[in-house]
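Reviewing the structure listed below.
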């Protein structure tokens, strides 16, 4: 009997010592469009793990949010007249301790057939995007802290007018960026390693790449003509340029530049760190 | 007996037959209801929207109960299949084993409800009370009226469209709107706390930065280290919108502490005006507009050149400020200050040889009670290296003997800047600055011209007065300009051609701020021309400037890491 009483007391003590379980909210918002629709999609996220990829339902935008109810809030607006969807995901009470109990995941499935102007701002959290096969007219991403991985596994269905990536702190890896079919790209990374792979480039394009602190790795496939200018930061930039790019004036130019039907003009500011360019 | 049997038979038949008939009819009635439901289901299934929802969210094998109009699943009710409600709200108090779907209606899930699968509202909202148990997802779906489901031909294939070939110039010419400078991040929506601005009191914050760690170096304080509590964007009190910020630090040469504390109360949520109070003990300077503190600290630390003059200012104030639009902000306040001179306390720098820092000039010490007002209209695309936009800033200070201070004067400054992109790689920038006042202005509030950022072909602070006019014009051109792309000169550098003109003079103390301009004539204006070698943004630059005033003059060479304006 004593054992049972003791066990009961122990269990009660354990129960009271357990932290209160927060509600995990799981909410999905789906928006269906006609294939010829245009859409402006704006994401403003305080803190979350963000995953973005094409939707298997190609005329549907789907936003799935999974978060701890007490610490996050969100608002999603759909302006049908302007064809604009904005999601604001707020982290509340930043100063409070949460003992790692917080959870915030956002999954966005983008419609492939809708012409999309996509603007994304994320203060904190890792970002994983697979944007191949979409119909992006513009794409802008700004992150403050967290690693960023963006991949275009398939070509964008239409030409992208602008591609603007601005990441402050964290590693940034851009795979098969040529598949984005951009005309002009602005890539700015504050602190952290930057990897850019221009595979898939099928048209003439320009790109300005700016890194403040960290190593920059740029891969360009050899079937793409290259005209490269490097703006070093005093003696603090270490630049490694392949011999197949010949120096002409202030530029490094490949032999097939302007001979092929696809060339890229790169303007690179490596900042403080190494710049490695691979061209093969 | 026989008649009795017949009678009983008839009675039996009369009594029992109707129920039997009824029993026969009852299955017929149930069949009719089922038929009605089936018909309703069939009718619903013919609805293209229902059909679409069924295909999208329900499996073919799934057992579905189709209902039309407003429906309620009661507390003691349990539905062991999926339920689809068309054109009406669905309220769930009981249990649903399958999916719960409302088309063109909201779904209300009360605390006692439990659902084992997804809850889906088509063109409606889902409202959930705390305590309701939902194992699946809550899905709100918006389906527009779909006139067609066909895919446009140009989108139907991932094959790239026809690739257009164009040269460099065309790329830049055609795509100017997507260059970095012109990319406009959309206005933040419904985020009032992000709209807060702390740039209004730039004068008071001039010797600080936004980081938590504070440092600077000058000939008065020597090395100054401190801690800064910047305005906390993310701090929100549930009770009041109160923000406390400021800094403190220690000057190792003066061996004195400096501090500033602000308390700001947002009166009508954060979209309205803010009422603030401030208390401070500062090493202050009027020369932040000539050279930023960070750049001046580097010059003092490395090459023993300190271009700011300092004085001690301690006191307190109350102010009201408001950001009326994202471009326009204004403030007004009352301040009581005590001014005192500070001496040069160090002559150390990393390099500089036998050079000596300039003495820090004496000021007119005393107590000042004043009203101050300021407005700023700022539409520039970038704070540090603007390429386009306006900056118009006006500030005024009134100090009357009625305020029982030691000074009786007014002081006004108007600064107008315009940044005009001519084309990619070429910019035309202009600044007009004027200062005026009334009464006996103390020395620390005189207007000084000459040297850095002002009249660049003249010696530093060559001219002074209680009136000032200044014009700076810059034409920036670089190799990004299509016009000069193949020019040998611009291949190796970017250039700035500049022209400065201005005058500072003393008017009679009794004249008002709009008087005393009789001395301002074209002949008296001091002017210089110059050229600067610079980086793409025009910040890091080597200036060569020469006076065009009559008489001999030297070439003035300066190296800067910030723009003049």
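Some points to look at:
- Over segment A:21-125, volume per residue of the alpha carbon convex hull, in Å³: 92
- Efficiency of FRET from Cβ geometry, residue A:149 and residue A:90, R₀ 41 Å, rounded to 0.05: 0.95
- For the segment A:24-34, counting C-beta atoms of other chains within 10 Å of every residue's C-beta and taking the mean gives 6.
- Share, in percent, of DSSP beta bridges within segment A:140-280 that are antiparallel, nearest 5: 10
- Residue by residue along B:130-143, Cβ atoms of other protein chains within 10 Å of the local Cβ number 4 on average.
- Fraction of alpha-carbon pairs over 35 Å apart in chain A - percent: 30
- Normalised contact order of segment B:373-565, rounded percent, pairs of Cα under 8 Å and 6 or more residues apart: 17
- Helical mean residue ellipticity (222 nm; -39500 (n - 2.57) per DSSP H run of 4+; nearest 500) of chain A: -2000 deg cm²/dmol
- Projecting label points 7 angstrom from Cα along Cα→Cβ for residue A:256 and residue B:242 puts them 6.8 nm apart.
- Relative contact order, percent, chain A [alpha-carbon distance under 8 Å, six or more residues apart]: 13
- With an a/c value of 1.5 or above and a/b larger than b/c for the gyration tensor axes a ≥ b ≥ c computed over the alpha-carbon atoms, segment B:373-565 is described as prolate.
- Nitroxide proxy distance, nm - points 7 Å out along Cα→Cβ at residue B:542 and residue B:471: 3.1
- Segment A:127-254: C-alpha gyration tensor shape, a/c 1.5 cut-off, then a/b vs b/c: oblate
- For the peptides B:356-362, B:517-523, A:130-136, residues were scored by their other Cβ atoms within 10 Å and the scores averaged per peptide; the highest-first order is A:130-136, B:356-362, B:517-523.
- Pairwise centroid distance, computed over Cα atoms, of segment B:501-530 with segment B:344-390, Å: 22
- Those residues of segment B:358-377 whose amide nitrogen sits under 14 Å from the label point placed on residue B:406, 7 Å along Cα→Cβ: B:362-369
- For the pair residue A:73 and residue B:338, label points projected 7 Å from Cα toward Cβ lie 4.6 nm apart.
- Tail weight of P(r) past 16 Å, computed on alpha-carbon pairs of segment B:263-314, percent: 60
- Virtual paramagnetic centre 7 Å along Cα→Cβ of residue A:240, amide N under 18 Å, in segment A:182-200: A:192-198
- Relative packing of B:244-254, A:264-274, which averages over residues the other C-beta atoms within 10 Å, highest first: A:264-274, B:244-254
- Degrees between helix A:2-17 axis and first principal axis of chain A (Cα, 0 to 90, nearest 10): 40
Any read-out appearing in this document is the output of simple, stated calculations on the displayed coordinates, not a laboratory observation. Source: prediction; values computed, not measured. In this analysis, Cβ positions are derived from the backbone assuming ideal geometry, glycine residues included, and neighbour counts consider all displayed protein chains.
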